[in-house]
Amino acid sequence: MIVMSSVMRVARRLVHADPVLLSSYLSLPLLCPTRSSARPLTCQQNRKYASKQVKGQAKGQKFQKVKPKVEKQEVEITQRMTVAALAEAMKKDYDHVLEALLNTSVDPDYLDPDSVLEERWIKEVVTRSGMKFKWAKLSESKQRINRDAHPRPPADPSSLVSRPPVVTIMGHVDHGKTTLLDSLRKSQIVSTEAGGITQHIGAFLVQLPTGEKITFLDTPGHAAFSAMRARGANATDIVVLVVAADDGVMNQTVESIQHARRAKVPIIVAVNKCDKPQADPQRVKRELLAHNVICEEFGGDVQTIHVSALKGDNLLALAEATVALAEVLELKAEPSGFTEGIIIESRTDKGKGPVTTAIVQRGMLRRGCVLVAGKSWAKVRLLFDENGRAVNEAGPSSAVEVVGWKELPSAGEVILEVESEQRAREVVEWRSSEEEQQKLQEEQSAIEVKQKVHLEEYRRERAELSHLSWRQRKAALYQANKTKFSMRPSERTQDNQLRLPLIIKGDVDGSVEAMLNVLDSYDAQQQCELEVVHFGIGDISENDVNMAETFAGSIYGFNVGASRVVQQLAAKRGVPLRLHSVIYKLIDQLKDELSSKLPPLESENVIGEATVLAMFEVSVGKKKVPVAGCRVQKGLLDRRLQFRLMRGQDIVWEGSLLALKHHKDDVQTVKTGMDCGLSVEDGVDFRPGDVIVCFENLDSPQVTSWNPGF
């Protein structure tokens, strides 16, 4: 206390003597004027030790105490906020906002939670609350501009002109569809088809002697090519249903009728093979009644023409009926403007690259046009007609081959012409991104379902152990899963499921599509898992062989080839290479390979049976061996085979014999009605009345249960 009193007295003297010196020493602002500019030396020394030079501070600069910065809460505000929304953004209650508006021109008594505040009062409330505001960012997602291409609006009726009809020939396999077209255009298509059956869509223009033109589509009749027939029905104006008079309505005939109905296309029935002795056209018409196809002579509106495609009988009447129906339908199209059409078939040509067969439905297709189909686009380099001749343009109802695609589009895609290559790229990018987004959504949905199932299983597992302590629960989980933990990683990935990986190659898109549709019907996964690891169009390549070797799979090619180098590479690496030109032969070999993967079935074949009559013992050296005296009742007993002792319905013993004797002689076999004695190594207790069965185990090959329907 004495020291403090002394210090205070000295301070008072300094204030009276030199306030400036004291203010510089204590860093306190004084309002009184400076009385003396002289500073005692002792004071300067004291100041040097009392203050510290701060980095960036000039010499002689006065040291100022820095106040700590107070962080204010930020509040996101928007236009036309309600009182409740503002309170929620400030993390305050409703009354706080009303209190902040006191002493303003806003009357809080007239406000409720849904009242909308002006911008200045929103800012005022935030400021009075000791906070700072910022405008909230708009959370609206950016909408992508749809860059897809679409068909043009319907044309003005005054600009429409008549066009040839597009006619599709449909029916069951081997009912004469291609022969009918062959007779119409005087060509030899049937001789070029593998196995005598059509396996592609043929599109070509036929000009009749009367001058009329008809574009014909020939679709395959085989069961595997259902998608091709559906595509043909969707691209056509009239369906000619070919039914063999000696065979009647078959499976693919019914399917063709259904395709025509779904596409809402009229039908003309051509009853073929009427020249055969066993032909019965009336039976065909009656069978068609069951499928609601009513011919004109039965009071319906379906024209029926009796023809013989092989001899060319009555084909002109069929053509006239087709032309007459086309006139009734008043088929017209706009011959100008951007092209619209549909792809009937697509393939890869060694010299031309990706090639599509298309039907022009609207506009004029010319060389140099920019087309879009699916996720591919083309600048048309070449156009070919059905005879392989180059053409410069193709109008409505024309069937042409289009060359110039950047990538091979799928059959069935709609062709649209666009303004430029840049526009085509935009359309393809948009469609690709849309497909990717759709796949992501599907994958996300699948992930969410999996997560939900996993969470339910986890909760159910935990609920069963909820009554245990955490130590007991941990021990129980370890006991339940210790077999998984003890396995090596390589063992965990192995399973006993048989697999057959496949690589599918075809000459055209429709062929690959047909094979994939057949494989989709595979329903024997429990026997052998069938997996398509790759499919494509074109000949077999070295990459296909490398992929097949990696997956230990097989290569199946339809109407494609493999160079000698590829064949040698496949043989060297042990890769099965199956090349076929007829689809049902390909499927038969695939079924054989699937069957060869399956383990053989073990079966039991009973050779003979004997009844035990008595028991006795025989001395063999110093050892007594029990022997069963038997009589063969059925078949024979063979010592080399397996034996079973039956007592009633129970199996007492099963194994092989030690000895088989007839009287005192060792024998190999004993036939029906003969007596014998037999002994076994295991010392089995034989009893009179027991039955001895002699049998052998046979291994029979197992056949896959998959039936593709043909």
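The values are calculated or read from the model by the stated rules, or taken from the named source; none is laboratory data. These figures come from a predicted structure and were not determined experimentally. Cβ atoms come from the backbone with ideal geometry, glycine included; neighbour counts cover every protein chain shown. The accessibility values were calculated without ligands, DNA or RNA, using every heavy atom of the protein model including side chains. Shrake-Rupley method; radii C 1.70, N 1.55, O 1.52, S 1.80 Å.
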Any chance you could count how many residues in region 547-562 are open to solvent by 30 Å² or more (accessible area, probe 1.4 Å) and touching a residue at least 24 places away in the same chain (Cβ under 8 Å)? 5
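Quick one: in region 554-602, of everything that is among the β-branched types (Val, Ile, Thr) and under 18 Å from residue 499 (Cα atoms), which residue is farthest from the chain's Cα centre (by Cα)?
Within region 554-602, the first condition is being among the β-branched types (Val, Ile, Thr), and the residues that meet it are 555, 560, 565-566, 575, 582-583, 587.
Next, from what is left, pick out any that are under 18 Å from residue 499 (Cα atoms): 555, 575, 587.
Numbers: 555: 21, 575: 26, 587: 22 Å.
By that ranking, first place goes to 575.
Within region 425-436, identify whether any single residue is among the aliphatic types (A, V, I, L, M) and under 21 Å from residue 346 (Cα atoms), and answer yes or no.
Within region 425-436, one or more residues are among the aliphatic types (A, V, I, L, M) and under 21 Å from residue 346 (Cα atoms).
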If you scan region 247-260, which residues turn out to be open to solvent by 10 Å² or more (accessible area, probe 1.4 Å) and either over 15 Å from residue 218 (Cα atoms) or at pLDDT 85 or above (or both)? 247, 249, 250, 251, 254, 255, 258
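Within region 349-358, how many residues turn out to be in contact with a Pro (Cβ under 9 Å, 6 or more places away or on another chain) and either modelled with pLDDT under 85 or crowded, with 22+ Cβ neighbours inside 10 Å (or both)? So that I can check it myself, show each step before the final result.
Taking region 349-358 first, the residues in contact with a Pro (Cβ under 9 Å, 6 or more places away or on another chain) are 354, 356.
Narrowing the set further to residues that are either modelled with pLDDT under 85 or crowded, with 22+ Cβ neighbours inside 10 Å (or both) leaves 356.
Final tally of qualifying residues: 1.
If you go through region 376-397, how many residues are assigned to a loop (DSSP other than H, G, I, E, B) and over 15 Å from residue 205 (Cα atoms)?
Start the filter on region 376-397 by keeping residues that are assigned to a loop (DSSP other than H, G, I, E, B), which leaves 385-389, 392, 395-397.
This time we only want the ones that are over 15 Å from residue 205 (Cα atoms), so: 392.
Final tally of qualifying residues: 1.
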Residue 660: passes all of (1) under 56 Å from the mean Cα position of the chain (by Cα); (2) free of Cβ contacts under 8 Å to residues at least 40 places away in the same chain but (1)
Quick check on region 89-115: of everything there that is under 24 Å from residue 137 (Cβ atoms) and surrounded by 14 or more Cβ atoms within 10 Å (Cβ to Cβ), which residue is farthest from the chain's Cα centre (by Cα)? 97
Taking only region 361-394 into account, find how many residues are aromatic (Phe, Trp, Tyr) and either touching a Pro at 6+ places or on another chain (Cβ under 7 Å) or modelled with pLDDT under 90 (or both). 1
List the number of the failed condition for residue 706; all other conditions in (1) without any contact (Cβ under 8 Å) to a residue 24 or more places away in the chain; (2) of a type outside the set (Val, Ile, Thr); (3) open to solvent by less than 90 Å² (accessible area, probe 1.4 Å) hold. (1)
Is it fair to say residue 441 is surrounded by 10 or more Cβ atoms within 10 Å (Cβ to Cβ), polar (S, T, N, Q) and either under 29 Å from the mean Cα position of the chain (by Cα) or not in a helix (DSSP H, G or I) (or both)? yes
Condition test on residue 283, is it open to solvent by 20 Å² or more (accessible area, probe 1.4 Å), under 30 Å from residue 382 (Cα atoms) and touching a Gly at 6+ places or on another chain (Cβ under 9 Å)? no
May I ask you to verify whether residue 526 is closer than 30 Å to residue 698 by Cα, open to solvent by 50 Å² or more (accessible area, probe 1.4 Å) and under 21 Å from the mean Cα position of the chain (by Cα)? yes
Taking the condition of being touching a Ser or Thr at 6+ places or on another chain (Cβ under 8 Å), touching a residue at least 24 places away in the same chain (Cβ under 8 Å) and open to solvent by 20 Å² or more (accessible area, probe 1.4 Å), how many residues in region 292-309 meet it? 0
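Could you say which residue among 263, 317, 326, 321 is without any contact (Cβ under 8 Å) to a residue 24 or more places away in the chain and open to solvent by less than 60 Å² (accessible area, probe 1.4 Å)?
Values: 263 fails: without any contact (Cβ under 8 Å) to a residue 24 or more places away in the chain; 326 fails: without any contact (Cβ under 8 Å) to a residue 24 or more places away in the chain; 321 fails: without any contact (Cβ under 8 Å) to a residue 24 or more places away in the chain.
It is 317.
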If I filter region 362-386 down to residues being touching a strand residue (DSSP E or B) at 6+ places or on another chain (Cβ under 8 Å) and touching a residue at least 60 places away in the same chain (Cβ under 8 Å), which single residue comes out as most open to solvent (accessible area, probe 1.4 Å)? 386
Which ones in region 115-137 are assigned to a helix (DSSP H, G or I) and touching a residue at least 24 places away in the same chain (Cβ under 8 Å)? 119, 122, 123, 124, 125, 126, 128
Going by what's in this entry, would residue 342 be described as closer than 26 Å to residue 161 by Cβ, in contact (Cβ under 8 Å) with a residue 24 or more places away in the chain and open to solvent by less than 70 Å² (accessible area, probe 1.4 Å)? yes
Among the residues of region 329-339, write down those that are surrounded by fewer than 19 Cβ atoms within 10 Å (Cβ to Cβ) and at negative phi. 329, 331, 332, 335, 336
Within region 278-293, considering residues that are under 41 Å from the mean Cα position of the chain (by Cα) and not in a helix (DSSP H, G or I), the one nearest to residue 252 (Cα to Cα): 291
Would you pick out the residues in region 494-523 that are at pLDDT below 85, part of a loop (DSSP other than H, G, I, E, B) and crowded, with 16+ Cβ neighbours inside 10 Å? 507
